[in-house]
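All remarks here apply to the structure that follows.
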Amino acid sequence: MKLILKIALVVLSVIALVLGYMVYKKETKGFKNAPISIDSVAGAANAADGDIFAFPKAGATKTERAAFYHVVDRAAVPTEKIDIAGCVAKPLASSVVADSKITFVNNASVAHTVTFNPQLSFKVPAKSTLVTKASFGKGQGIYGFGCDDMGRAVGVILVK
């Protein structure tokens, strides 16, 4: 009887892990780090309103990439400053000129780490700012960024 209970416990644990992973993947599907080239979507037709965090999947068509670019372009606020206090980006969608400077502002009482991908992250001290070049090493495109290991995008930057 104890053996059956142990086996059942292991099986239920595995099922819980698999379901948890599936939920994690669904919740973080929009957090991509590769930029979408402006050249690849130039001249595309208008798209319907959409989610600025719904990045096109790998292998997306030119039309799908263009639709996403259009959504982000319409939502993006031209700015040189992004407030990240509380790991909430304000504005959610920003646009900047390539190679210009962008300032991350953290008025919170704790430091925050802004992450574009595992190789590119910036720590913004509490009650401080961080200035960086708005090309993120790859130039023009759309960049999603997360904050403090949240596992999802909290903002997007359109670098033109």
Going by the structure shown, is Ser13 at pLDDT below 85, among the hydroxyl-bearing types (Ser, Thr, Tyr) and either within 18 Å of the chain's Cα centre (by Cα) or in a loop (DSSP other than H, G, I, E, B) (or both)?
no
Lys133 of a type in the set (Lys, Arg) and at pLDDT 90 or above
no
Answer yes or no as to whether Lys29 is at pLDDT below 50 and in a loop (DSSP other than H, G, I, E, B).
yes
Is the stretch 84-102 home to any residue that is of a type in the set (Ser, Thr, Tyr), assigned to a strand (DSSP E or B), surrounded by 16 or more Cβ atoms within 10 Å (Cβ to Cβ) and without any contact (Cβ under 8 Å) to a residue 60 or more places away in the chain?
no
Counting only residues in the stretch 131-152 that are in contact (Cβ under 8 Å) with a residue 60 or more places away in the chain and under 17 Å from Asp73 (Cα atoms), the one surrounded by the most Cβ atoms within 10 Å (Cβ to Cβ) is identified as Ile142
If you check Thr79 against the conditions, is it under 16 Å from Val156 (Cβ atoms) and without any contact (Cβ under 8 Å) to a residue 24 or more places away in the chain?
yes
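The values are calculated or read from the model by the stated rules, or taken from the named source; none is laboratory data. Predicted model, so just to flag it, every value in this text is computed and none were measured. As a convention, Cβ positions derive from the backbone with ideal geometry for all residues, glycine included, and neighbour counts pool all protein chains shown.
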